[in-house]
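One structure is given here, and the rest of the page talks about it.
What follows draws every value from the coordinates through simple rules; no lab data is involved. None of the values given here were measured: they were computed from a predicted structure. Neighbour counts are summed over all protein chains in view; Cβ atoms, including those assigned to glycine, are modelled from backbone coordinates with ideal geometry.
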Amino acid sequence: MRTEPNGLPSLEQSPAVRDRFQRLKARDVILDVRNLSKTFSVKGKSTTALRNVSFTTHRREFLCVVGASGCGKSTLIRIIAGLDQQTSGEILLDDRPVVGPGSDRGMVFQGYTLFPWLTVKKNVMFGLEMSYDGKKDPEMAASQWLDLVGLAKFANHYPHQLSGGMKQRVAIARAIANQPRILLMDGPFGALDAQTRSRMQKHLMEVWRKIDITIVFVTHDLDEAILLADRILVLKPHPGEVIELMEVPVPRTRATEDLTSQSYAATKARLEALIHGSEGHHDANSTDAAGEADDEPYPALVRLTDVADSID
Ligand SMILES: Nc1ncnc2c1ncn2[C@@H]1O[C@H](COP(=O)(O)OP(=O)(O)O)[C@@H](O)[C@H]1O
Ligand SMILES: [Mg+2]
C-alpha cells in the first residue's frame, strides 16, 4: 500500500473514478455548510461540538459523515435539519439559509419513529396530507413510495407487525415522500442485525439511484461508509473538526464483496489512520455532557420533485 510522506495510506483514483468525481463536482451545490460551530453550555461547562466545519454537497451526491463517538455527527445533522441552532456559521440549502425545520429536508433516525397507531400507508401519507395542494392524491402518492421501497403489500399493516428493516423502509418512504432536496440519515441501520443492514444498504442504493435526492448519511461503520459514499466527511472529536473530505476511489457499482479490493483496503486504512490518529486530543476545557439525540421524533416532511438525471 502506498503512503504519503505523513504516513497516511494514499488513495489513487482510476481515470473513470476521476471523471466521475469531476462530473459530480460540476453539478449544482445543494448544501453549503460554512464555518459552522456549535458550543453547548451546560451548568457553566462548555463543549465545542463543532468548530469551523465547512463542506459542500452536490446534487445527487451521497455524502457519509464518520468519526469517533462524540465528534459531533448528530449535532451536525440536527443543525442541518433545523432541529438545533449553530453558535456561528451558516448553512445554505439551494442558496437559501437554513433557519429551522423545513420540507426541503427529510430525516431518518436510528430509532423507529413511525406512528404506532397508524398503518404503514397512513404513516407515509402523514406529511403528504399536511402539504396536500389538491393536486397529487396523498394516498396514491403514498402507494407509489411504498412500492419504491418494496412494501406495497404491507400498506395496511401496523408498525408493530413489521421487522426492524421494514420499519426503516417505511421511515425512508415517509422521509422521501415529500421529495425533499436532501435526505438526512443518522445511523439509520445501526440497530439492525448484520444481514438486514447489508440488505438495507443495497436497498438504499437502489432508491438513491432512482430518485433525485442528495443524501447525508451519518455512520460509525467505516465499511458502510465506503460501500455507500461518493465522499466521506471525516470528523475528529473535541472539538468536532473536519479532518478530511475524502473521495472514495472504489468504483461503482459497489458490493459488499468489494471489501477485499485494493482500493477498498486503502480507503479503510486511511480512514482508520485519520480517525484513530485523532483520538485522545481533548480540549482542556471541554466536557462530555449527556446529549444523545438520535431518537428525537421528527415531523414528517412534504414536497414533491420529479427529476431523475443520471448519477453515474
Ligand atoms: N444537547 C446537548 N447538550 C450538551 N452537550 C451536547 C448536547 N448534544 C451533544 N453534546 C455534546 O456534543 C458533542 C458531540 O455530540 P454528538 O453530536 O452527539 O456526537 P456523535 O453523534 O458524533 O456521537 C459530545 O461531546 C456531546 O456530549
Ligand atoms: Mg450520534
Practice prompt. Determine the alpha carbon to alpha carbon distance for each of K25/K135; K25/K167; K135/K210; K73/K268 and list only those over 26 Å.
Written response: K25/K135; K25/K167
Practice prompt. Would you mind checking which residues have amide H under 5 Å from T3's amide H? H placed 1.01 Å from N; only 5 or more apart, or other chain.
Written response: S10
Response to the item:
Computed for the chain: size of charge dipole around the Cα centre, +1 on C-beta of each Lys and Arg, -1 on C-beta of each Asp and Glu, debye to nearest 20, value 360 debye
Worksheet item: Given H placed 1.01 Å from N in the peptide plane, which residues other than close sequence neighbours of G89 have an amide H under 5 Å from its amide H?
Response: S37
Worksheet item: Label points 7 Å out from Cα along the Cβ direction at N35 and E139: separation in nm?
Response: 5.3 nm
Worksheet, complete the sentence: Relative to the chain, whose Cα atoms define the longest principal axis, helix 120-130 and its Cα axis are tilted in degrees, nearest 10, by 90 degrees
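Just add up the charged neighbours of S54: K/R +1, D/E -1, any other residue whose Cβ is under 15 Å from the Cβ of S54.
Values: positive: R34, K38, R51, R231, K236; negative: D32, E90, E241, E244.
Net charge in that neighbourhood comes out at +1.
Just want to confirm a number: the relative contact order over segment 1-53, from Cα pairs under 8 angstrom separated by 6+ residues, in percent. Before the final figure, lay out the partial values.
Values: 37 pairs, mean separation 11.6, N = 53.
Once normalised by length, the contact order is 22 percent.
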Worksheet item: For the chain, how big is Rg over Rh, using alpha carbon atoms and the Kirkwood form of Rh?
Response: 0.96
Discussion item. Over segment 112-179, what is the relative contact order in percent, taking alpha-carbon pairs closer than 8 angstrom and at least six residues apart?
Written reply: 48 percent
Worksheet item: Which ordering of S74, S88 is given by a fewest-first count of other beta-carbon atoms within 10 Å?
Response: S88, S74
Practice prompt. Place +1 on the Cβ of every Lys and Arg and -1 on the Cβ of every Asp and Glu in the chain, take the dipole about the Cα centre, and give the residue among H58, T119, P97 whose Cα lies farthest towards its positive end.
Written response: T119
Worksheet entry | Gaussian network model of the chain, springs between alpha carbon atoms under 10 Å - residue of K153, K236, K210 with greatest fluctuation | K153
Worksheet item: So which chymotrypsin sites (Phe, Trp or Tyr not before Pro) in segment 105-151 are both in a DSSP loop and have at most 11 other Cβ atoms within 10 Å of their Cβ?
Response: W117
Response to the item:
Once phi for every residue in segment 88-104 is put through the Karplus expression 6.51 cos²θ - 1.76 cosθ + 1.60 (θ = phi - 60°), the whole-Hz ³J(HN,Hα) values, with Gly and Pro written as x, are 8, x, 9, 10, 10, 10, 6, 6, 10, x, 7, 10, x, x, x, 6, 7
Response to the item:
Only helices counted: for the chain, with every DSSP H run of 4 or more residues adding -39500 (n - 2.57) and the sum spread over all residues, [θ] at 222 nm is -9500 deg cm²/dmol
